[in-house]
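Student: Pasting a structure below so you can have a look.
The values are calculated or read from the model by the stated rules, or taken from the named source; none is laboratory data. Predicted, not measured: the structure shown is a model, and the values here were computed from it. We place every Cβ from the backbone using ideal geometry, glycine too, and count neighbours over all the protein chains shown. We work out accessible area using only protein heavy atoms, side chains counted, and drop any ligands, DNA or RNA first. Shrake-Rupley method; radii C 1.70, N 1.55, O 1.52, S 1.80 Å.
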Amino acid sequence: MFVAHTTLGLSYVFGEPRDFTKALEHMQAAENLAPEEPGAHTFLGDVYRAQRHLEQARDEYARGHQLNPRDAILLVKRGHANTLLSDYPAARADYDSAIAVGRANEKAAYAPFRAYVSVYAGEPGAAIDELNRLVASVDDMGVPDPKAAKVAALSNVAVIAIHIRNQPAADQALKQLAPMLMKQADEAANPAFRRGQEATVAYFDGWWAARRGDYGSAQRQADRIAQLLAPDANPRKLEPMHQLEGFIALYQGKYGEAAAHLRQGNLLDPYIKYQVAVATEGAGDVAQAKQLYREVAEYNFNTVGFALVRKDAQQKAGASTP
């Protein structure tokens, strides 16, 4: 029953509707069944992190690491807990250890988390610099897929730079990112995948145009996304178009229109949910906006978007920092 408990526990943490109390019951049952299984401590730590019990989460990850010192993911997750606890030196040390222990593509995949620490610390420019150093050095890391690592790092740079309106960094990241995405498309030789890559390029270009106030160019990219993804069967295919349409409206103060589009975006992304909250507040529904801010503030799983909005979400929700 170990797998059944962990599967149900994870569904209550990451699925909708979420129920962290039930998630904890299942993960504790799993740990009781297999206390020497490192994964049990990983999953239990994830539930504690979701519940904002960050010290307990850190302790569980540490126990799991003691059981399997060669598993880099436990070091990464301990780094996440330390990041959210604002223990930035410890977080960077955890990520350094994870990178050292990591195998294959893990070394490059875990490096961006170290850069996110600077975003949480209020130094997004330092994160951009660190990510750009990763892009420059990844070919010498011996990872099997350096191109994927570069795409991930450059995508992170683009998100940070667009958010803070750092034009040199955004321009440079997008200039590097687009040809890499298309090279991946060439290698895949799959029409649907190519359309998805082209839509990603259009999304970033459109978002950056909207952030600069060039709403005409942004709208053309939103239309292009809709055209590119129209043949796909995925019912969520137009989420990036709606997100871009939402940004275009939000940056112009058209809050009702923005909220309507953003609600059709990927609400599992805390950055997008935060933008929904901003639009909802602007449209006058302060109570609903505060609930959304609270949900974002309590997310506690590590993404670059969450790093950018966590502090503001906490302040607007009236949440206390750990």
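Student: Could you grab me the full set of residues in the range 27-55 that are more than 22 Å from Thr83 (Cα to Cα) and open to solvent by 40 Å² or more (accessible area, probe 1.4 Å)?
Tutor: Gln28, Asn32, Leu33, Pro35, Glu36, Glu37
Student: Return the pair list, or none, for Cβ contacts closer than 6 Å from residues in the range 180-208 that are within 23 Å of Ile162 (Cα to Cα) to residues that are aromatic (Phe, Trp, Tyr) and surrounded by 13 or more Cβ atoms within 10 Å (Cβ to Cβ), at least 6 apart or on different chains.
Tutor: So the pair list comes out as Trp207/Phe247.
Student: Might you check whether a residue that is touching a residue at least 12 places away in the same chain (Cβ under 8 Å) and under 26 Å from Tyr12 (Cβ atoms) occurs anywhere in the range 122-134?
Tutor: No, the range 122-134 contains no residue that is touching a residue at least 12 places away in the same chain (Cβ under 8 Å) and under 26 Å from Tyr12 (Cβ atoms).
Student: Something else now. Within the range 275-293, which residues are open to solvent by less than 30 Å² (accessible area, probe 1.4 Å) and either touching a His at 6+ places or on another chain (Cβ under 9 Å) or closer than 19 Å to Gln51 by Cα (or both)?
Tutor: Once the filter is applied, which keeps residues that are open to solvent by less than 30 Å² (accessible area, probe 1.4 Å) and either touching a His at 6+ places or on another chain (Cβ under 9 Å) or closer than 19 Å to Gln51 by Cα (or both), the range 275-293 yields Ala279, Leu292, Tyr293.
Student: Something else now. Looking at Leu10 and the list (1) touching an Asp or Glu at 6+ places or on another chain (Cβ under 9 Å); (2) crowded, with 17+ Cβ neighbours inside 10 Å, which single condition is not satisfied?
Tutor: It fails just one condition, (2).
Student: Any residue at all in the range 294-307 that's open to solvent by 20 Å² or more (accessible area, probe 1.4 Å), over 19 Å from Leu54 (Cβ atoms) and either over 20 Å from the mean Cα position of the chain (by Cα) or of a type outside the set (S, T, N, Q) (or both)?
Tutor: No; the residues of the range 294-307 include none that is open to solvent by 20 Å² or more (accessible area, probe 1.4 Å), over 19 Å from Leu54 (Cβ atoms) and either over 20 Å from the mean Cα position of the chain (by Cα) or of a type outside the set (S, T, N, Q) (or both).
Student: Now, a different point. Inspect all residues belonging to the range 203-211 and state whether any of them is among the small types (Gly, Ala, Ser), surrounded by fewer than 16 Cβ atoms within 10 Å (Cβ to Cβ) and more than 20 Å from the chain's Cα centre (by Cα).
Tutor: no
Student: Filter the range 85-138 down to the residues that are touching a helix residue (DSSP H, G or I) at 6+ places or on another chain (Cβ under 6 Å) and of a type in the set (S, T, N, Q), then identify the one that is most open to solvent (accessible area, probe 1.4 Å).
Tutor: This residue is Ser97.
Student: Taking the range 251-274 on its own, how many of its residues are open to solvent by less than 60 Å² (accessible area, probe 1.4 Å) and over 25 Å from Asn300 (Cβ atoms)?
Tutor: 6
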